[in-house]
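Heads up, the thing below is written out as structure tokens.
The values are calculated or read from the model by the stated rules, or taken from the named source; none is laboratory data. All figures in this text were calculated on a predicted structure; none of them were measured in a lab. Positions of Cβ are generated from backbone atoms using ideal geometry, with glycine treated the same way; all protein chains shown enter the neighbour counts.
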Ligand SMILES: Cc1ncc(COP(=O)(O)O)c(C=O)c1O
């Protein structure tokens with residue numbers, strides 16, 4: 001994945017009409033309110049100072065107000081919530097805050113690479129749990145061997161899910177919280193896609209489940225739901241001691257997100273539901289545009305109820321990396337192979353709804369030609 005931008009640049013220089021549906025980084029402009037607020041904040045010299053871990057109080061308060069309004073979850077903006085430089089940064093550093101060498105972290109596969117990476121960077125041991133379509137891509141803690149659960153300190157979960165687009169039913173979240181309490185596990189609940197949902201599905205915060213505050217740190221981000229990937233802003237929510245531990249690690253590593261970006265983030269969050277609904281409608285339009293074309297080209301896809309991804313199964317025996325290589329080299333389409341999401345996630349590839357529908361359709365038709373010849 002890290003090499004893809006350079007490969008893509010080389011191909012474009014060679015005159016290839018590359019369609020990139022790889023990274024989860026949509027082409028929609030950021031919210032107007034964010035741009036206006038950033039411009040305004042830039043005029044204020046105080047915004048150019050260090051943010052430190054406190055950050056901009058208005059951002060903390062806007063994030064807490066959103067949690068309350070949207071999920072009915074009341075949090076102290078100063079003790080139970082912390083600004084982060086995008087959820088990637090917060091997730092990676094939570095591992096440093098809670099894992100010691102030799103500890104085990106339960107990592108869903110396929111899954112966002114930072115769960116594995118954050119774990120190994122602390123000399124802790126990832127325990128991969130393979131998510132399968134047979135169990136709706138849910139990670140069931142009770143299926144994990146007792147000796148692993150005994151050594152495990154942390155489990156990562158992400159619903160709505162990247163890359164599978166799976167969503168978590170409420171009863172699943174309830175039994176997961178119960179299992180975390182039973183096994184004394186901290187749950188890192190990664191929730192950057194909670195506003196990108198379709199067909200009436202509304203994604204929860206895990207804090208809607210009673211008892212969650214005892215065992216969860218939840219991560220939110222402005223990247224996906226508000227199309228602000230490059231702005232690097234999000235927030236973590238959890239029990240005060242856990243938030244303090246995360247802040248302590250961060251204090252040695254970063255000095256806070258740019259205050260002007262936090263000012264813009266605060267204004268976005270004040271209108272979060274309206275802004276996010278606008279983007280979700282656009283992603284839905286793209287989803288609805290591409291699904292029939294995928295099916296007509298031989299790809300047997302489910303209809304995703306959330307996220308900006310379509311997780312596409314490949315015919316039995318076809319390696320996803322080999323398919324991705326052919327897609328890139330033969331027809332100029334950048335996708336992500338299942339294998340990029342961990343060993344054991346082969347047999348699928350991911351399409352991100354990050355380009356306009358006509359380009360998605362063109363990409364799908366090209367992928368169909370590859371499928372017909374493999
Ligand atoms: C599941 C998941 N978590 C976290 C992130 C990180 O997002 P950011 O650091 O931009 O907030 C991503 C980005 O792709 C993701 O897919």
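I'd like to verify a number: residues in the stretch 12-35 that are surrounded by 11 or more Cβ atoms within 10 Å (Cβ to Cβ), away from the ligand (no atom under 16 Å from the Cβ) and touching a residue at least 60 places away in the same chain (Cβ under 8 Å), how many?
6
Within the bounds of the stretch 139-148, is there any residue that is part of a loop (DSSP other than H, G, I, E, B), under 18 Å from the mean Cα position of the chain (by Cα) and more than 13 Å from the ligand (Cβ to nearest atom)?
Within the stretch 139-148, one or more residues are part of a loop (DSSP other than H, G, I, E, B), under 18 Å from the mean Cα position of the chain (by Cα) and more than 13 Å from the ligand (Cβ to nearest atom).
All but one of (1) surrounded by 15 or more Cβ atoms within 10 Å (Cβ to Cβ); (2) more than 16 Å from the ligand (Cβ to nearest atom) hold for residue 164; state the number of the condition that does not hold.
Failing condition for residue 164: (2).
Is the stretch 85-95 home to any residue that is touching a residue at least 60 places away in the same chain (Cβ under 8 Å), in a loop (DSSP other than H, G, I, E, B) and not assigned by TED's automatic domain parsing to the domain that holds residue 313?
For the stretch 85-95, residues touching a residue at least 60 places away in the same chain (Cβ under 8 Å), in a loop (DSSP other than H, G, I, E, B) and not assigned by TED's automatic domain parsing to the domain that holds residue 313: present.
State which residue is nearest to the ligand (Cβ to nearest atom) when the search covers only the stretch 228-254 and only residues that are in a helix (DSSP H, G or I) and in contact with a helix residue (DSSP H, G or I) (Cβ under 8 Å, 6 or more places away or on another chain).
Taking the candidates together, the pick is 231.
Of all residues in the stretch 117-137, how many are within 13 Å of the ligand (Cβ to nearest atom), in a helix (DSSP H, G or I) and crowded, with 21+ Cβ neighbours inside 10 Å?
Of the residues in that region, 1 qualify.
When the stretch 322-342 is examined, which residues are found to be in contact with a strand residue (DSSP E or B) (Cβ under 7 Å, 6 or more places away or on another chain) and touching a residue at least 24 places away in the same chain (Cβ under 8 Å)?
Scanning the stretch 322-342 gives 323, 324, 327, 328, 332, 333, 334, 335, 336, 338, 341, 342.
Just checking, how many residues over the stretch 191-227 are within 14 Å of the chain's Cα centre (by Cα) and either within 8 Å of the ligand (Cβ to nearest atom) or part of a helix (DSSP H, G or I) (or both)?
Summing the residues that are within 14 Å of the chain's Cα centre (by Cα) and either within 8 Å of the ligand (Cβ to nearest atom) or part of a helix (DSSP H, G or I) (or both) in the stretch 191-227 gives 7.
Quick one: residue 218 ticks every box in (1) touching a residue at least 24 places away in the same chain (Cβ under 8 Å); (2) assigned by TED's automatic domain parsing to the domain that holds residue 176; (3) over 27 Å from residue 185 (Cβ atoms) bar one, so which box is it?
The single condition residue 218 does not satisfy is (3).
Within the group 99, 81, 4, 94, which residue is within 15 Å of the ligand (Cβ to nearest atom) and crowded, with 20+ Cβ neighbours inside 10 Å?
Exactly one residue qualifies, and that residue is 94.
Is it true that some residue in the stretch 265-279 is in contact with a strand residue (DSSP E or B) (Cβ under 8 Å, 6 or more places away or on another chain) and either part of a loop (DSSP other than H, G, I, E, B) or more than 16 Å from the ligand (Cβ to nearest atom) (or both)?
no
Only one of these conditions is not met by residue 29: (1) assigned to a helix (DSSP H, G or I); (2) farther than 30 Å from residue 248 by Cβ. Which number is it?
(1)
So which residues in the stretch 334-374 are part of a strand (DSSP E or B) and touching a helix residue (DSSP H, G or I) at 6+ places or on another chain (Cβ under 8 Å)?
Residues satisfying the conditions are 334, 336, 337, 348, 349, 350, 351.
Taking residue 56 as meeting all but one of (1) buried (at least 18 other Cβ atoms within 10 Å of the Cβ); (2) closer than 18 Å to residue 191 by Cβ, write down the number of the exception.
For residue 56, the exception is condition (2).
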